[in-house]
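Quick note: the coordinates plus some simple rules give every number you see, no bench work behind them. The shown structure was predicted, so the numbers you read here are calculated from the model rather than taken from an experiment. Here the Cβ is made from the backbone with ideal geometry for all residues, glycine too, and neighbour counts use every protein chain on show.
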């Protein structure tokens, strides 16, 4: 009898597809938001600040994420983090599309998304 591969499990296929979509989306976000900031301001300093808001909360939130994952249901925690990230990115896309995105709002959204990333990875 031939051994089954890991992709033969429907639950793992679903998890793998979700993680692949999340990875692609996160990679595009890491590129798109600094480009949006540069398009809005034309300033390299503003782009640097946007990158700082992407990485600093992640570094600090990693400590909290692991602790929360130990105390809460990991599946629910990861689901909530993905929903928060998705809603914030959708709101940012709509505001950017209609020309109503503010720089401070972008920084705030990036910080919350970065914190959600850290908690998600902790889970």
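Things worth noting here:
- Residue in segment 90-110 that is under 30 Å from residue 12 (Cβ atoms), touching a residue at least 40 places away in the same chain (Cβ under 8 Å) and surrounded by 13 or more Cβ atoms within 10 Å (Cβ to Cβ) present: no
- Residues satisfying the stated conditions in segment 6-38, i.e. more than 17 Å from the chain's Cα centre (by Cα) and loosely packed, with under 11 Cβ neighbours inside 10 Å: 6, 7, 8, 10, 11, 14
- Only a single criterion out of (1) under 17 Å from the mean Cα position of the chain (by Cα); (2) free of Cβ contacts under 8 Å to residues at least 40 places away in the same chain; (3) more than 16 Å from residue 119 (Cβ to Cβ) is not satisfied by residue 50, namely (2).
- Residue 28 vs. criteria free of Cβ contacts under 8 Å to residues at least 12 places away in the same chain, farther than 20 Å from residue 87 by Cβ and assigned to a helix (DSSP H, G or I): no
- In segment 56-84, residue surrounded by the fewest Cβ atoms within 10 Å (Cβ to Cβ) [restricted to those that are without any contact (Cβ under 8 Å) to a residue 40 or more places away in the chain and within 13 Å of the chain's Cα centre (by Cα)]: 83
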